[in-house]
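Novice: Next up is a structure, given as structure tokens.
The values are calculated or read from the model by the stated rules, or taken from the named source; none is laboratory data. Bear in mind that the values here come from a model prediction, so they are computed numbers and not experimental data. All Cβ positions, even for glycine, are placed from backbone atoms using ideal geometry, and neighbour counts span all protein chains on display.
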Amino acid sequence: MEFGPLQLVVIGSTNPQLDGSVLGALEEASSAGTIRIVDLLGVQERRR
């Protein structure tokens, strides 16, 4: 299977609300055929 061209998108927030709304929007766009998600990574920084 061939992929390309690929586009990297970074979504950032200074005060993230981890309520699933971003994931829901990505799932909706993927189901509609607007985007195709090849891989996804979530990173959270915890400050003490």
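Novice: Within region 10-24, track down each residue that is surrounded by 11 or more Cβ atoms within 10 Å (Cβ to Cβ) and either in a helix (DSSP H, G or I) or within 13 Å of the chain's Cα centre (by Cα) (or both).
Specialist: Val22, Leu23
Novice: Among the residues of region 25-48, how many are touching a residue at least 12 places away in the same chain (Cβ under 8 Å), of a type outside the set (Val, Ile, Thr) and in a loop (DSSP other than H, G, I, E, B)?
Specialist: 2
Novice: Pairs under 9 Å by beta carbon, first residue within 12 Å of Gln44 (Cβ to Cβ) in region 1-24, partner surrounded by 10 or more Cβ atoms within 10 Å (Cβ to Cβ), six or more apart or different chains?
Specialist: Ser13/Val22; Pro16/Val22
Novice: Check Ser31 against each of (1) of a type outside the set (Phe, Trp, Tyr); (2) at pLDDT 90 or above; (3) under 12 Å from the mean Cα position of the chain (by Cα) and name the one condition it does not meet.
Specialist: Failing condition for Ser31: (3).
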